[in-house]
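The values are calculated or read from the model by the stated rules, or taken from the named source; none is laboratory data. Since this is a predicted model, take the numbers as computed values, not measurements. All Cβ positions, glycine included, derive from the backbone under ideal geometry; neighbour counts span all protein chains shown.
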């Protein structure tokens, strides 16, 4: 129940609705019990003349409240029968019963009405909290996670919590109240018979709890499998072109069917156990009723108890009132066990510590005044160091290009400067200030990033360009697009800057998407620019347009350029050649060519003499 309690913390902002729900459920429980108790004196008066009460009863204290209420009702019914006949008394009882059932159902509706605000509020806050956490957690968290699993936690797991936990709240609050008021009435009628019933109930509880032991474990496995097949869907949609070109449809289809088949077996087991709860509790309840009929009837017939025949009939009615609440509590218990697995998966994300945090005394940094200094840093993603005792100085206003084979650590540097990852050893300084001493938001405001993959969103051209800038004017947006060589193709789009570019910018070509990414970085106007192989995925014509855009953008900025195509970095102020996380050469394009070493070999391999 630990995760259930953790989910309930999200109900605190809606506590007023919880208290209203409790109030209405108390009133519901009272009227529910009274609707049965009202018939006891009537049965006695209608079928036994000696049960009539002619003297108005007096209240003698809380202990005698049951007798007082019963005798008062009997007194008024007796008076009516003597003055207006049995028909008038019967009408009075019918009106009383009608009122009892009306108020019982009115308060039941009101309890559900206010609970809706609590339930939907908690679900909204859970989803908001998960999304906020997804944005907050470092990129390293997702490098080992499946996207589909994260999506499953935000969708099906939250839905399961709503169905299992929040829908069970009503039963958890209302049914114990109904049972409590009913038991008080049952004790008032016959202590012996109620104690006998109490002996039977724990037996039922033990049987029911034994069925539910494996329910949580099975549910957890089922939710994990949901994440697996959602990941298959996400990967399939992202790589559909490759799957088709390698005719791997059957392979992926088979993997997906294996996952859904496993999910089917798990869910069959979960639902079979859950379905067993209601019939099992009903059977046990019926068996208990039969035993009570036997024992209670024996007490009445032998005169071992002061209970009257009509009270025994009322007692049976009250016990029936307990059956449905007990069944509902049993069902709620099973639901909570099932939902606990989903709650655990949700809390795993919400309780994950962010390893990249702002220090309490972190500062705001608005400009770059001197340089970016990388001092003796070492970094590893898992076990093997990608960078080892690496140092580099990038002066203000200069362009430094990083080249080298794949895996040499170029893109890792692009991730370390904006603190997407933290170094294991050493430090990265901006103007002699460790980036860990600068607020993350402030640090990233200093940096513009253009990656190899153009990351665009299902939105308009305008909203994609203004992603990191608020209140940009149309003139500023157009200027940024012109610098990025994007204005010409944008104005030819159906709605110009208001054209929706589709999922990931799918309606645009690769070169157009990349120029939009550059326009976005230009509009942000940061003092530091990081270009991570920004032209490597483009054809020659698109590359030339994008390269011109990049050169315009890098004017008077401090730039770190990671290049695969060496033709794009010949004008860099300094070229740094990396091999296995270490600098093996650095200098200008001409200097490195004249050395005829590592860089010269790379240039010759790309036929650039």
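Right, residue 159: assigned to a helix (DSSP H, G or I), out of contact with any strand residue (DSSP E or B) (no Cβ under 6 Å at 6 or more places or on another chain) and modelled with pLDDT of 80 or more or not? It would help to see each step written out before you state the result.
On the way: assigned to a helix (DSSP H, G or I): yes; out of contact with any strand residue (DSSP E or B) (no Cβ under 6 Å at 6 or more places or on another chain): yes; modelled with pLDDT of 80 or more: yes.
Yes.
Does region 167-178 include one or more residues that are farther than 30 Å from residue 271 by Cα, surrounded by 20 or more Cβ atoms within 10 Å (Cβ to Cβ), in the same structural domain as residue 338 (by TED's automatic domain parsing) and over 23 Å from the mean Cα position of the chain (by Cα)?
Taking region 167-178 first, the residues farther than 30 Å from residue 271 by Cα are none.
No, that holds for no residue.
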Can you pull out the residues in region 487-530 that are modelled with pLDDT under 85, closer than 28 Å to residue 442 by Cα and not in a helix (DSSP H, G or I)? 525
Return the residues of region 462-478 that are in a helix (DSSP H, G or I) and free of Cβ contacts under 8 Å to residues at least 40 places away in the same chain; say none if nothing qualifies. 462, 463, 474, 475, 478
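Against the condition more than 23 Å from residue 389 (Cβ to Cβ) and modelled with pLDDT of 85 or more, how does residue 588 come out, does it pass? Before the answer, list the steps.
Details: more than 23 Å from residue 389 (Cβ to Cβ): yes; modelled with pLDDT of 85 or more: yes.
So residue 588 passes the test.
What tally of residues in region 370-387 results from selecting those that are closer than 17 Å to residue 560 by Cβ and either modelled with pLDDT under 85 or assigned to a loop (DSSP other than H, G, I, E, B) (or both)?
Quick first cut of region 370-387, residues closer than 17 Å to residue 560 by Cβ only: 370-375, 377, 379, 386-387.
Next, only the ones that are either modelled with pLDDT under 85 or assigned to a loop (DSSP other than H, G, I, E, B) (or both) stay: 370.
Count: 1.
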When region 392-406 is checked residue by residue, the ones that are without any contact (Cβ under 8 Å) to a residue 60 or more places away in the chain and assigned to a loop (DSSP other than H, G, I, E, B) are 406
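Test residue 415 against the criterion of being under 16 Å from residue 371 (Cβ atoms) and outside any loop (DSSP other than H, G, I, E, B), and give yes or no. Before you say what the answer is, go through the steps one by one.
Values: under 16 Å from residue 371 (Cβ atoms): no; outside any loop (DSSP other than H, G, I, E, B): yes.
No, not satisfied.
So which of 341, 362 ends up being under 35 Å from the mean Cα position of the chain (by Cα) and under 25 Å from residue 559 (Cα atoms)? Spell out the reasoning first.
Details: 341 fails: under 25 Å from residue 559 (Cα atoms).
Exactly one of 341, 362 is under 35 Å from the mean Cα position of the chain (by Cα) and under 25 Å from residue 559 (Cα atoms), namely 362.
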Residue count, region 120-154 (criterion: part of a helix (DSSP H, G or I) and either in contact (Cβ under 8 Å) with a residue 40 or more places away in the chain or on the phi > 0 side of the Ramachandran plot (or both)): 20
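Yes/no per residue for (1) more than 29 Å from the chain's Cα centre (by Cα); (2) touching a residue at least 60 places away in the same chain (Cβ under 8 Å); (3) over 25 Å from residue 399 (Cα atoms):
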position	(1), (2), (3)
450	yes, yes, no
455	no, yes, no
460	no, no, yes
490	yes, no, yes
493	yes, no, yes
506	no, no, yes
512	yes, no, no
515	yes, no, no
524	yes, yes, no
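Conditions (1) modelled with pLDDT of 70 or more; (2) under 30 Å from residue 164 (Cβ atoms); (3) not assigned by TED's automatic domain parsing to the domain that holds residue 344, marked per residue:
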{"site": "190", "(1), (2), (3)": "yes, no, no"}
{"site": "194", "(1), (2), (3)": "yes, no, no"}
{"site": "203", "(1), (2), (3)": "no, yes, no"}
{"site": "220", "(1), (2), (3)": "no, yes, no"}
{"site": "269", "(1), (2), (3)": "yes, yes, no"}
{"site": "272", "(1), (2), (3)": "yes, yes, no"}
{"site": "279", "(1), (2), (3)": "yes, yes, no"}
{"site": "282", "(1), (2), (3)": "no, yes, no"}
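Just a yes or no: is a residue in region 238-255 part of a helix (DSSP H, G or I), within 26 Å of the chain's Cα centre (by Cα) and at pLDDT below 75? Outline the logic, then answer.
Kept after step one, since they are part of a helix (DSSP H, G or I), are these residues of region 238-255: 238, 240-245, 249-255.
Next, from what is left, pick out any that are within 26 Å of the chain's Cα centre (by Cα): 238.
Pick out the ones that are also at pLDDT below 75 and you get 238.
Yes, there is a match, as at least one residue in region 238-255 is part of a helix (DSSP H, G or I), within 26 Å of the chain's Cα centre (by Cα) and at pLDDT below 75.
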